[in-house]
1. How many of the residues in the range A:40-55 are over 17 Å from A:L108 (Cβ atoms) and more than 7 Å from DNA strand C (Cβ to nearest atom)?
2. Which of the residues that make up the range B:70-82 are among the aliphatic types (A, V, I, L, M) and away from DNA strand D (no atom under 11 Å from the Cβ)?
3. Taking the range A:81-114, which residues are away from chain B (no Cβ under 14 Å), more than 12 Å from DNA strand C (Cβ to nearest atom) and either surrounded by fewer than 16 Cβ atoms within 10 Å (Cβ to Cβ) or of a type in the set (K, R) (or both)?
4. Filter the range A:42-69 down to the residues that are more than 14 Å from DNA strand D (Cβ to nearest atom) and more than 14 Å from chain B (Cβ to nearest Cβ) and list them by number.
5. Being over 19 Å from B:R168 (Cβ atoms), within 29 Å of the chain's Cα centre (by Cα) and part of a strand (DSSP E or B) narrows it down to one of B:K290, B:K229, B:K280, so name that one.
6. Condition check: in a helix (DSSP H, G or I), closer than 30 Å to B:Y20 by Cβ, within 12 Å of DNA strand C (Cβ to nearest atom) and free of Cβ contacts under 8 Å to residues at least 24 places away in the same chain. Does A:R58 satisfy that?
7. Which one is nearest to the other protein chains (Cβ to nearest Cβ) among residues in the range A:166-186 that are touching a Lys or Arg at 6+ places or on another chain (Cβ under 9 Å) and within 26 Å of B:E175 (Cα to Cα)?
There are 2 protein chains.
Amino acid sequence: MPELGIDQQVSAIRAFNRFYTRKIGVLDGVASQPFSLAEARVLYELANRQRPTATDIRKELGLDAGYLSRILRNFERRKLLRREASQTDERQRFLSLTAQGQKAFAPLDQRSSRDIAAMLNDLSAGEQKQLVQAVERVRRLLGDKMESKAPFLLRFHQPGDLGWIVYRQAILYAEEYGWDWSYEALAAEIVAQFIKNYDPKRERVWVAEKDGERVGAVLVAKESDSIAKLRLLHLEREARGLGIGKRLVEECVRFARQSGYQKMTLWTQSILHAARGIYKQGGFKVVQEKKHQSFGKNLTAEIWELDLKRTT
Amino acid sequence: MPELGIDQQVSAIRAFNRFYTRKIGVLDGVASQPFSLAEARVLYELANRQRPTATDIRKELGLDAGYLSRILRNFERRKLLRREASQTDERQRFLSLTAQGQKAFAPLDQRSSRDIAAMLNDLSAGEQKQLVQAVERVRRLLGDKMESKAPFLLRFHQPGDLGWIVYRQAILYAEEYGWDWSYEALAAEIVAQFIKNYDPKRERVWVAEKDGERVGAVLVAKESDSIAKLRLLHLEREARGLGIGKRLVEECVRFARQSGYQKMTLWTQSILHAARGIYKQGGFKVVQEKKHQSFGKNLTAEIWELDLKRTT
DNA sequence: CAATATAGTTGACAACGGCAACTACATATA
DNA sequence: TATATGTAGTTGCCGTTGTCAACTATATTG
């Protein structure tokens, strides 16, 4: 990939800022007639909070206190706003929209939604999804802690998932541990064998998704009639520490029990600390260790096992 | 994937707009002291165009003509701006920054760059790349025709590329033709075999990138000492029609000739019209056809060949 | 209790920015 | 060639937006 220098990155971001500033300007439709931009923003806050104080809004929007005071007085005069004195602090007053205020906000809100819907409508379904994912990625990268509605979701596999697993594992282990292409070969081989002999009743893939993007996966393969093998567990960096790995392994164990296996086994490397922690937590025990040279590094391989008959 | 309704998409975009508006506000540092927002924007345009007229700027920024006129007069009074009468049209005057104007613009520009650089600096290298890619994707989706500096770029393979090929092919053919998971099995198998027996001198992978993202790939595998096999050619939808497929195949043919193969062969399906067109253009000929049932569909497979000794 | 901080208000005032009338030149039409 | 229409840019008018600082009233701190 042609590495971009920091300057090029900066100018890419600046270009985006100019572009998007204009885009938003167009979407705002030169501010919604009866309200100035600042008023519209205040209105939005009033509509989307429960009984804020003036200071809450001032801090959120970074407005001048005097200016805000006048905007609010104006709203009150127009009977859009109600102010109720606080019991605990007589300086502050709780703000809320009146029914009339709600009514005034609605079209403004709808217009904005309609404009955006129209914009989305020019895109195909796939592009829409890409757009939403891209903007959410930007927000997440720039540190907006979005309370993702669902923290994460597990599902069975879909077309492309197994290729994705090879793709991501190869990159992850190359970046983090410097493993060479032979690891990708191994992963591809495992996946190819898995699909070719796929037994839906006794084998399964789980993919973890967060905000619509794949963030991890694992698969259970049949080693023998009584032994299940857990393979290719991995989590994307941004999804670690959320308990997703634990859930994936738990699902595997549950499935293996249900499918009548006696034992579950897995093969891993001693340096994969995060994964090891998860296995340990899941009740697996190391039963064998072996130094070897693979993937361009000196490694210590480990075989772990879990007895599925015992209820831990 | 949990399909988002249009409403959820709209609200995701709106949330982003609010978030990003604030972000840009912060980056602008409450407008750069000696200039108002509008002035700063005008200054930016003046600095980044060669001899625009007032109307050019007015249209670009959507400013009121009177307002702009005053801003420009103000700049001229401050000796930041030079206006030269046009020969061809005596109504208009060409605008350009004086040396002093450049000097006034520089810190403003630097500040903006510095702020963005600082923001980027809080991210890891990988995250920076993701951010740039995400904003560029947004721009592209929203129809900003960015003259991508390089239309596209071909490179050899890196970790993850082969997994990526399986991943994307499986999804593409599932979406476009409804092929089932057995195609993914085949692709994974091909890739696994390819890596396992990889012969750097006589085998090769090309990946096409556009704006830093993979958009297509192909590989040349050794069928026998004298026969090369072209495999797994594909292009992402957004990269079609740009001549990338043609380039990929040309590279394959060139490489195969250079590596001493006598003949190049490939296997494809009659319904893959786009790919077929590229093969035909590359001089390949169909030498065999066969109906078969695979990937959950009734298909007609074709074997194509190209004699590498003839110079077409 | 005095000192200090916080919530919110008010007046003064500079700047922003939209509108419309206007000049000067250019282009189309007959 | 005369006339109409269009475009580039300027100017005055004027309401709106938004900043600053002074001020009141209540809370908090030590």
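The values are calculated or read from the model by the stated rules, or taken from the named source; none is laboratory data. Predicted model only: the values in this text are computed from it and were never measured. Glycine gets a Cβ as well: all are built from the backbone with ideal geometry, and neighbour counts include every protein chain shown.
1. Residues in the range A:40-55 being over 17 Å from A:L108 (Cβ atoms) and more than 7 Å from DNA strand C (Cβ to nearest atom): 3 in total.
2. B:L80
3. Across the range A:81-114, the qualifying residues are A:R82, A:Q87, A:T98, A:A99, A:Q100, A:Q102, A:K103, A:A106, A:P107.
4. Within the range A:42-69, A:L46, A:Q50, A:R51, A:P52, A:D56 meet the criteria.
5. Within the list B:K290, B:K229, B:K280, the selection yields B:K229.
6. Answer is yes for this residue.
7. Looking at the filtered set, the residue picked out is A:Y167.
Yes/no matrix, rows are residues, columns are (1) under 27 Å from the mean Cα position of the chain (by Cα); (2) free of Cβ contacts under 8 Å to residues at least 40 places away in the same chain:
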{"site": "B:G178", "(1), (2)": "yes, no"}
{"site": "B:W181", "(1), (2)": "no, yes"}
{"site": "B:A185", "(1), (2)": "no, yes"}
{"site": "B:A192", "(1), (2)": "no, yes"}
{"site": "B:Y198", "(1), (2)": "no, yes"}
{"site": "B:K201", "(1), (2)": "no, no"}
{"site": "B:A208", "(1), (2)": "yes, no"}
{"site": "B:A217", "(1), (2)": "yes, no"}
